[in-house]
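For reference, the structure is listed below as structure tokens.
The values are calculated or read from the model by the stated rules, or taken from the named source; none is laboratory data. What you are looking at is a predicted structure, and each value in this text was computed from that prediction instead of being measured. Quick reminder, even Gly has a Cβ in these numbers, built from the backbone with ideal geometry, and neighbours come from all protein chains shown.
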Amino acid sequence: MKEWQGNIIGAIVITIIGIGLILWANMIELPTRYRTFLGIPYAVNPEFVIVSYQVVTLLFFGVLLLGFGLGILANTYSIYRLEKKLGRPPQPMTRFCPQCGSAVTEGARFCYKCGKQLET
Ligand SMILES: [Zn+2]
């Protein structure tokens, strides 16, 4: 198993849990007489404050996990691209530039060293 394959599973799980917590926070029913702003309730009432803390805590951890998950996904994509780049087999240096004698890869159109156009 390659590096990015292991990471992507963990990243997706963390992202899903984060979204789940945010959805859960939005499903908690608040007494209708309390007002909310952007889904976060505000009012001062002992009974209400307990509910409010639940919602805020869930939102906090939801956003935190979502951020972690998306961050790891972004990193994983970089690792994936890097591995793909490094995993490419090197082109054989089978030809030589007629002008300067440098080794050039098969199919190259120009010499890497002197820039002379090569016959293909
Ligand atoms: Zn050359």
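Under the condition of being assigned to a loop (DSSP other than H, G, I, E, B) and near the ligand (Cβ under 10 Å from one of its atoms), which residue from the stretch 109-120 is surrounded by the most Cβ atoms within 10 Å (Cβ to Cβ)? So that I can check it myself, show each step before the final result.
First pass over the stretch 109-120, keeping only residues assigned to a loop (DSSP other than H, G, I, E, B): 109, 111-116, 118-120.
Among the residues that remain, those that are also near the ligand (Cβ under 10 Å from one of its atoms) are: 111-116, 118.
Working: Cys111: 20, Tyr112: 13, Lys113: 13, Cys114: 11, Gly115: 10, Lys116: 13, Leu118: 15.
Of everything passing the filter in the stretch 109-120, Cys111 is surrounded by the most Cβ atoms within 10 Å (Cβ to Cβ).
Among the residues of the stretch 86-94, is there at least one that is within 15 Å of the ligand (Cβ to nearest atom), surrounded by 10 or more Cβ atoms within 10 Å (Cβ to Cβ) and part of a strand (DSSP E or B)?
no
Show the residue pairs that are 6+ apart or on different chains and have beta-carbon atoms under 7 Å apart, the first residue being within the stretch 101-116 and touching a residue at least 40 places away in the same chain (Cβ under 8 Å), the second being within 10 Å of the ligand (Cβ to nearest atom).
none
Could you pull out the residue among Val44, Val56 that is modelled with pLDDT under 85 and assigned to a helix (DSSP H, G or I)?
Values: Val44 fails: assigned to a helix (DSSP H, G or I).
None of the other options fit; the residue is Val56.
State the number of residues belonging to the stretch 66-120 that are modelled with pLDDT under 85 and either touching a Lys or Arg at 6+ places or on another chain (Cβ under 7 Å) or among the acidic types (Asp, Glu) (or both).
So the count comes out to 4.
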